[in-house]
Amino acid sequence: MCPKQNAASLAAKQSQLGSLSGTNTLACALTVLRETHDPAVLRTSLGSRLCLLLAEREANQERREKLAAEGVGFAETALAQGGDSDGAVHYYLATNLGLAVREHITLAMESLGRLEHEMKRALALSPGIDDGGPMRVLGMLYLKAPAWPNGIGDSDKALELLEKAVKEYPGHPLNHLFYAQALWDEDDDAVLAQVKAEFSLGEKLLAEGNWGYSKEPWQKEFDEFQQEMGEAGSARQQPFAQALK
Amino acid sequence: MRKTCFIIIACLLSPFSANGTPDSEMIVVCYPGGSVNAKDANGAMSSMLRVVERIGHWQENSFNSLFTAKTDECRKQIAQNNPKFAITSLGIFLELRAKHNLIPVVQPLIKGRTSERYRVMARKDKYKSLDELKGKTLGGTVLEEPAFVGKIVFAGKYDPASFFVLKPSNQAIRALRSLDKGELDAVIVNEQQFGGLASLHMETPFEVVFASEEIPLMGAVANSAVTTQEERARFGKALEEMCSDTEGKKLCDLFGLESFITVDSAVFEPMIKLWAEGK
């Protein structure tokens, strides 16, 4: 059952809808937004953000991609309604798009340029969304995308952005995890201690903070990276385990 | 928001261990000097192998891939797994061909060519010849295989390790930025990297100090001791048809491949000779 609410009332309390909100609360809010024609609401990032929050919780790939694609649609509508100067619209457009295409190699590769463009716009307009989300996601985009001359991947840019995210938004666990991953990718034993420090700090922030529904998937990311370090460390001259001592 | 960063890895996210059935045939993929990590690359390879299986009428997941960008790891994996097929660099092929009975199966066709040149780049007007670079720093991804650079790219005329101060990199763009800043004296690039130079916006212009002879592009190889002629022909034919398949074409486009073509083994004879004679 959904409470009685309209788009305007949702927009007024949109800051309360986030990773701590129940799934039913988000789904009810989305139902309302699907029906609205209120341009003041449609030009915001709210619909796109709700789709992303729900998509991230959806285990079924088909339903997840459908929600993410709907999130892209909401963001495109927001842009068409005059939301171009709102960094959050660009941010949620890019994040939803990424989620929608991530399992489809050719679509994903074709989308890299648009992802970069939208995330750069988000960074320029609203760098502070989601505790440095545009820096964090753009940094990971540069870290993981195919490198020049085949793609936009660029470790130098990734390191610069992720280091900045850690410095300017030190309270978000993923900023530390991603910076640790960028440092780890340098394949340089001289930075192992720093990798460890960033990883540990991020894990501590995750353990001690109230991250709602995000906590479990983020913890999984920490666990996977720790496993990767363990496996790769055994092949290095100076095992990661030694650096942890 | 963590999941959103998967955008980047998109297709690239399935580790090889999850792709194959227990008795699936492993294909070792060696990309020395590449900046792609194994986890990401195996996902991309997985997409390609599913297409190859379909075209070649193999059961899905008949193949899986094991990717490495490290030459030592490549040697180790080929020795341990003794794969029927591998995708290697020319340097790895030349080094391991006798020991593992490797024979070329297909070559990639890129921009109408099945060969490439390697070039040593320096800042414009700084050095006129390779000889002037003696004792200077040389960077680049190609340096992950110094024996290949010495024996094939320089045709045995220069031993990179003693002639230059080598500064290998797993990112071509990083090496080129260092060249731009004057931190490196020269960078060696392959054809693809040379072709991409125009897209970079460097402070100083670069020029070619040395260009190699035409060197054949390497594609897939087979171990002739553990594969039959029929198996090699079937695998080769599936790869040849990949870029004309609807889904396969998208992958080929992504990798800049026009197609794979059957190898004329004579093409590699001069390389084998150079390798054997090389310093």
Please count how many residues of region B:207-236 are farther than 22 Å from residue B:44 by Cβ and assigned to a helix (DSSP H, G or I).
6
I'd like to know if region A:145-155 contains one or more residues that are among the β-branched types (Val, Ile, Thr), at the interface with chain B (Cβ under 10 Å from one of its Cβ atoms) and within 17 Å of residue A:49 (Cβ to Cβ).
no
Here is a list: B:88, B:114, B:137. Which entry is under 14 Å from the mean Cα position of the chain (by Cα), more than 21 Å from residue B:231 (Cβ to Cβ) and among the hydroxyl-bearing types (Ser, Thr, Tyr)?
B:114
Mind checking which residues of region A:150-183 are modelled with pLDDT of 95 or more, in a loop (DSSP other than H, G, I, E, B) and in contact with a Lys or Arg (Cβ under 9 Å, 6 or more places away or on another chain)?
A:169, A:172
Of the candidates A:71, A:83, A:47, A:113, the one satisfying the condition of being outside any helix (DSSP H, G or I) and either more than 23 Å from residue A:9 (Cβ to Cβ) or not aliphatic (A, V, I, L, M) (or both) is A:83
Only one of (1) within 22 Å of residue A:55 (Cβ to Cβ); (2) facing another protein chain (nearest Cβ under 7 Å) does not apply to residue A:173, and that is (2)
If we keep just the residues of region B:118-162 that are under 17 Å from residue B:193 (Cβ atoms) and assigned to a loop (DSSP other than H, G, I, E, B), which is modelled with the lowest pLDDT?
B:145
Every listed condition ((1) touching an Asp or Glu at 6+ places or on another chain (Cβ under 9 Å); (2) modelled with pLDDT of 95 or more) holds for residue B:111 save (2)
Check residue A:9 against each of (1) of a type outside the set (A, V, I, L, M); (2) outside any loop (DSSP other than H, G, I, E, B); (3) surrounded by 15 or more Cβ atoms within 10 Å (Cβ to Cβ) and name the one condition it does not meet.
(3)
Just checking: which of the helices (runs of 4 or more DSSP H) contained wholly in region B:27-96 hold 2 or more residues that are at pLDDT 90 or above and closer than 21 Å to residue B:152 by Cβ?
B:71-81, B:90-96
Whichever residue in region A:124-141 is surrounded by 21 or more Cβ atoms within 10 Å (Cβ to Cβ) and more than 10 Å from every other protein chain (Cβ to nearest Cβ) and, among such residues, is nearest to the chain's Cα centre (by Cα):
A:134
If we scan region A:74-89, do we find a residue that is within 19 Å of residue A:119 (Cα to Cα) and in contact (Cβ under 8 Å) with a residue 60 or more places away in the chain?
no
Which residue is surrounded by the fewest Cβ atoms within 10 Å (Cβ to Cβ), if the candidates are limited to region A:82-109 and must be more than 8 Å from chain B (Cβ to nearest Cβ) and charged (D, E, K, R)?
A:84
Could you tell me whether region A:31-44 includes any residue that is closer than 20 Å to residue A:134 by Cα and either part of a helix (DSSP H, G or I) or away from chain B (no Cβ under 11 Å) (or both)?
yes
Within region B:246-267, work out how many residues are away from every other protein chain (no Cβ under 14 Å), among the charged types (D, E, K, R) and over 19 Å from residue A:149 (Cα atoms).
1
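The values are calculated or read from the model by the stated rules, or taken from the named source; none is laboratory data. The structure displayed is predicted, hence computed values, not measured ones. In this analysis, Cβ positions are derived from the backbone assuming ideal geometry, glycine residues included, and neighbour counts consider all displayed protein chains.
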